[in-house]
1. Restricting to bridges with both residues inside the chain, how much of the DSSP beta-bridge set is antiparallel, in percent to the nearest 5?
2. Please check: in the Gaussian network model of the chain (C-alpha springs, under 10 Å), which one of Phe67, Phe33, Phe129 has the largest mean-square fluctuation.
3. Longest segment of the chain with no GluC sites (Glu not before Pro) in a DSSP loop having at most 14 other Cβ atoms within 10 Å?
4. Find the relative contact order for segment 76-156 and round it to a whole percent, using C-alpha pairs within less than 8 Å whose residues are 6+ positions apart.
5. For segment 17-106, what's the relative contact order in percent, using C-alpha pairs closer than 8 Å and at least 6 residues apart?
6. Where in segment 3-17 does the label zone of Gln27 land, with the point 7 angstrom along Cα→C-beta and an amide N cut-off under 20 Å?
7. Before anything else, pin down the relative contact order of the chain: Cα pairs under 8 Å, at least 6 apart, normalised by residue count, whole percent.
8. Among Gly52, Gly81, Gly116, which one shows the biggest mean-square fluctuation in a GNM of the chain, springs joining Cα atoms closer than 10 Å?
Amino acid sequence: MRMQDIGPQKGSKKRARRVGRGIAAGQGASCGFGMRGQKSRSGRPTRPGFEGGQMPLYRRVPKLKHFKVINPKVYTVINVGRLAGLAANSEVNMASLLAAGIVTSNDGPLKILGDGELSVALQVEAAAFTASAKSKIEAAGGSCTVVTRQAAAAEAA
């Protein structure tokens with residue numbers, strides 16, 4: 001048995017410290033809180049978050065609905081309706097859209113959104129599709145192929 005193994009009996013309770021009951025009790029007069037000052041007063045503890053009068057952290061941070069995403073995914077977005085003017089059964093990817101002048105700059109991987117109508121069958125290769133865009137392309141008789149970001153970057157370069 002070692003000193004650190006010794007503990008109180010199971011169920012035993014240490015008696016509460018009786019402060020302010022004279023010097024014989026060991027915590028008389030100031031009750032162990034010192035002579036004066038904020039921490040010696042009645043109702044002693046300061047409220048949670050109090051930083052001594054300094055502007056507290058909960059008031060320093062911005063009160064926004066969300067903080068800015070550090071590494072956001074940036075896509076070159078295009079709606080399905082813009083693809084309606086292309087020839088039937090043509091391949092649609094970032095390079096072909098740049099060549100056709102539908103997309104003017106490569107701002108990142110291609111993402112197809114579902115606004116507009118499509119009546120021609122197209123083979124679309126993009127990094128991402130919305131559910132409505134995918135259903136409209138497949139309803140027109142086309143196909144949707146998801147390409148990875150690395151493949152899309154190599155293809156555009």
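1. Details: 0 of 12 bridges.
Of the beta bridges lying entirely in the chain, close to 0 percent run antiparallel.
2. Among Phe67, Phe33, Phe129, the largest mean-square fluctuation in the Gaussian network model of the chain belongs to Phe33.
3. Working: sites that count: Glu51, Glu117.
Formally, the longest exposed-site-free interval is 52-116.
4. Details: 160 pairs, mean separation 27.0, N = 81.
In percent, rounded to a whole number, it is 33.
5. Details: 38 pairs, mean separation 9.1, N = 90.
Computed over segment 17-106, the figure is 10 percent.
6. 8, 12-17
7. On the way: 197 pairs, mean separation 24.4, N = 157.
Result for the chain is 16 percent.
8. Of the options given, Gly52 has the highest mean-square fluctuation.
The numbers here are math on the coordinates, done by the rules we state, and not lab data. This is a predicted model, so every value here is computed, not measured. So basically every Cβ, Gly included, is an ideal-geometry build from the backbone, and we count neighbours across all protein chains shown.
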